[in-house]
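Notes to accompany the following structure.
Every read-out reported here was derived from the displayed coordinates using simple, explicitly stated rules and does not represent laboratory data. None of these values were measured; they are calculated from a predicted model. All Cβ positions, glycine included, derive from the backbone under ideal geometry; neighbour counts span all protein chains shown.
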Amino acid sequence: MKIVVVGGVAAGMSCAARARRLDESAEIVVFERANHVSFANCGLPYHIGEVIKDRSRLLLQTPQSLHESLAIDVRIATEVLAIRPDRKSVTVRDLDSGREYEEPYEQLALCPGASPITPPLPGVDHPDIHVLRRIGDMDVIKAAVDGRSASGRPPITHGVVIGAGYIGLEMAENLHERGVQVVVVEMADQIMPPLDRELTTTMESYIRAHGVELRLGTQAAAFSRSPGGWLRVELTNGEFVQTDLVLLAAGVRPSTELAVAAGIDLGPRGGIKVDAHMRTSVPGIYAAGDAIEVEHLVLPGTWLIPLAGPANRQGRVAAENMCGRDTVFDPVQGTSIVKVFDMVAGGTGANQRQLDAAGVPYERVQIHPSGHAGYYPGTAKMQLKVLFEPVTGKLLGAGIVGFDGVDKRLDVLATALRGGMTVHDLEGLELAYAPPFGSAKDPINMAGFVAANLLKKDLRLWYPSEYPGATDGARIIDVRGPQEYAIWHLPGAENVPLPTLREAQQDWDRSRPIRLYCAVGFRSYLAYRALVQRGFTDVRTLSGGMTTFRSYHDVPSAESVDTIEPVVNYGEDRTGINAVRVTAAGPVAATGVLVDLDCTGLACPGPIMALQARMAELAPGDEVLAHVSDPGFRLDAPAWAAKNGHSMLELVPEGPGYAARFRKGGIGIVPGGPAARLKDKKSFVVFSGEFDRVLASFILANAAASMGDEVSMFFTFWGLNALRRLDPPTREKNALDRAFSAVLPSGPDSLPLSTMNMFGGGPALIKKIMKDHHVPSLPELIASAQQTGVRLIACTMTMDLLGIAHEDLIDGVELGGAAMFFGEANESNGAFFI
């Protein structure tokens, strides 16, 4: 049997190699128009960026090595001009000599691949406009970057990449790493169109933070040479960009010219039509690779999915059927991934837009877990979106953006999708866990838990895409801490921190719709469960929390910081959503003091609290360099700095997060406007002596202090027990004092719960849960409050009644009465009774 293969890269060489392994007697000839076969075309951008320094490592095989190992006749620089099915032959031309000849076949594998899209625009044939598909393309572009071009020009300093798909972004990164200033132009309003919008916004901010410019929602209109010798790119929005080099990465189209001329049928999307055995409409001719249409695992119809993995498998299936086996090619799910700097993004199956367009019903959840255990260094939160059938929970698709652990979660989801698994199956998957690699509840498990809760009706969601309609007529409750609320919140939202919710809801109208949200969706889920079990009939929580919301609506980030005027209030952005307009503080002379602050591993609001505590110890003009692994810090840092009168001097990418430099001092809030306040001061009366209520009071006090508020806490009656020493000094007591001392809790660790005390078992359980989740203990919260300047004031009248002396209390507690409290309260813009 004689097999002829047209195309010598992924599909073609896989087909030829598999055919040889199945049939040692077959004559196998491979024609490749270019000068290289079986090369790693996915590695081309990384040689330009000198990540892969040795060019030869991209050349996996050569005609000689393939002849020696597999006895395959590989003819490079040979173009197939025509296929003659009636004569079972192909007409070919040797490009070096120009000789044409005819080659017979018994079985033909047509694997011509796809060609980069070159739009028919004025000037598109300019010599400084390139595509990247083959080794020769790579060599020309690298020579221009290196300063080794044929024209003798110095190394390029500026480049424009047309297209923000995978190849475009990889090239943008690698050109940037070579010192080239890069502008990426994308006709869609987002990068990576295969992913849903809310998954890409964070990556867009991250790319811009590295100095790569993104021009979204526009495209190239024409190219020309400017008078200064620059290549000028005209955009459809009327802008012009001057550059040294343009790379066209706007996608590919299937190479079907040979197929059409040979009478081979095409599919509805313009690719070669094949059956599950890779057979075309013409007997004896098979096709594989980027030129063909294949069935999708989730979506109806056939699709063009130009990916290396499917292409290699298609070539293998074609070879097996050529050699007499009965092998079918399974539908494709389009699993793909990309790395841009330190950030990773990928997807599998269908995205939300595709499901909508196809009319496929679905449900969806979005979560933001860490790549591995949060207490182990080197992790950051990811954005994970899962789509699934509404009744069975069968997986339909998933997308992930993050830093560490994205690839392995994507592979698990791709495998689960291929296996027809449901979100209920994700709940029970047993995945590898140790702190450097994952969590006891892996992100995959967590996605399953949330999705299963939705299907079981244990959870009802509202989505960013439904805003503002989803909140019309509803009570909007923000259950985050005050410091998070102060940085950014939805207009009309009430701040009811989760620890206070159960107390606050008692007089709420249970028939009025409630729309909850928090940072990532977990705290609002807890609030949801608490409310629905108390009789509230219309409650929903925001899927993915404010992290997803801000991504979906592209809430302004640190790039919009105004460095002249102080923060005043909220302004309207293009979506009509109340967005904080953040500003840097006024200038303060530097003292030369620079403090290095490690906030890596801390999730919001941890970095802000750590910054606030450290700033309190410094003098005006001192500076802090904070290292933060939370990508969301880029949005919050400038708002925190402006609100507290500090200058944010620098915010640069560092690993999964940022390195931010702040200078203490400057101007603060300007009075007036909706966000203006009388004074940044909070007063608390702590009457309760129950563990959970005292805990809530210190959580709120620490949060307010971390935002720069002055805080005073007035402890009276049973609340005073929280300030008692565990081992007070010995002193003389009368009989009544001894009686009170015997029955009252002896400090914060001895306080009972307000409910479910269970003879002391309840507090022990809560403390264990707090420890497991790395929540500070009550004594630690008290110490933290004192360190951040919170005033702890003991009611002297209560001390007299209960026989408590000053030496019975922890160090640093002040003594005062009602007049002292009211003096504090009169200066405050918030007073709380707990």
Principal semi-axes in Å for region 129-250 [√(5λ), Cα gyration tensor, largest first]: 24, 17, 13
Distance in nm between pseudo-label sites at S151 and T62 (7 Å out along the Cβ direction from Cα): 3.3
Residue-by-residue Karplus 3J(HN,Hα) for region 246-259, coefficients 6.51, -1.76, 1.60, Hz, glycine and proline x: 10, 10, 8, 9, 8, x, 10, 10, x, 8, 10, 4, 4, 5
Integer Hz, Karplus 6.51/-1.76/1.60 couplings in order for region 123-130, x for Gly and Pro: x, 5, 8, 4, x, 8, 9, 10
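Given Cα pairs under 8 Å that are at least 6 residues apart, what percent is the relative contact order of the chain? Provide the component values of the computation, followed by the final result.
Working: 1838 pairs, mean separation 62.6, N = 834.
Result for the chain is 8 percent.
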Dipole axis of the chain (+1 Lys, Arg; -1 Asp, Glu on Cβ), positive-most option in A291, V711, A358: A358
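Listing R523, R353 from the residue with the fewest other Cβ atoms within 10 Å to the one with the most, what is the order? Present the calculation step by step, with values, prior to reporting the outcome.
On the way: R523 22, R353 13.
Fewest-to-most Cβ neighbours within 10 Å comes out as R353, R523.
Which order, highest average first, do 375-386, 145-156, 268-279 follow once you tally other Cβ atoms within 10 Å for each residue and take the mean per peptide?
Result, highest mean first: 375-386, 268-279, 145-156.
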Estimated inter-spin distance, D509 and T415, nm [label 7 Å along Cα→Cβ]: 5.2
Set of region 795-834 residues, backbone N closer than 13 Å to the point 7 Å along the Cα-Cβ line of R725: 805-813
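Treating only the Cβ of Lys, Arg, Asp and Glu as charged (+1, +1, -1, -1), what charge dipole size does the chain show about its Cα centre? Round to the nearest 20 debye.
Numbers: 78 positive and 96 negative charges, 179 e Å.
Dipole of the chain, to the nearest 20 debye: 860 debye.
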Total charge dipole magnitude, region 681-833, about the Cα centre, Cβ charges on Lys, Arg, Asp, Glu only, Debye to nearest 20: 300
Value of [θ]222 nm, deg cm²/dmol, for the chain, DSSP H segments ≥ 4, -39500 (n - 2.57) each, nearest 500: -8500 deg cm²/dmol
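Between the DSSP loop rule and a limit of at most 13 other Cβ atoms within 10 Å, which GluC sites (Glu not before Pro) in region 611-663 are left?
When the GluC sites (Glu not before Pro) of region 611-663 are filtered for loop state and at most 13 Cβ neighbours within 10 Å, E617 remain.
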Relative pair counts by distance (%), Cα atoms of region 342-458, 10 Å bins: 15, 49, 30, 6, 0
Spacing of the two label points (7 Å from each Cα toward its C-beta) at H806 and E430, in nm: 6.3
Stokes-Einstein D (µm²/s) once Rh is taken as the Kirkwood radius of region 389-490 over alpha-carbon pairs, at 37 °C in 0.692 mPa s: 204
Read-out semi-axes √(5λ) of the Cα gyration tensor in Å, derived from the coordinates shown; its label in (1) 49, 29, 26; (2) 63, 30, 22; (3) 45, 31, 27: (2)
From phi via Karplus (6.51, -1.76, 1.60), per-residue ³J(HN,Hα) for region 335-345 in Hz, x at Gly/Pro: 5, 8, 8, 9, 10, 10, 6, 9, 8, 10, 9
DSSP-defined beta bridges in the chain - what % are antiparallel, rounded to 5: 50
Nonlocal amide H pairs with V161, under 5 Å, H built at 1.01 Å: V183, V184, V185, L247
DSSP H segments from the chain that extend 20 Å or more along their own axis, Cα-based, with Kyte-Doolittle mean of 0.5 or above: 691-706
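What is the packing order of peptides 245-255, 482-492, taking the mean over residues of other C-beta atoms within 10 Å and listing the highest first?
Details: 245-255: 21.8, 482-492: 20.3.
Output ranking for 245-255, 482-492: 245-255, 482-492.
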Q333 long-range amide H proximity, modeled H, under 5 Å: L297
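Using the per-residue mean of other Cβ atoms lying within 10 Å as a proxy for protection, in what order, highest first, do the peptides 94-100, 464-470 fall? Could you put the intermediate results ahead of the total?
Working: 94-100: 10.6, 464-470: 15.6.
Sorting 94-100, 464-470 by mean packing, highest first, produces 464-470, 94-100.
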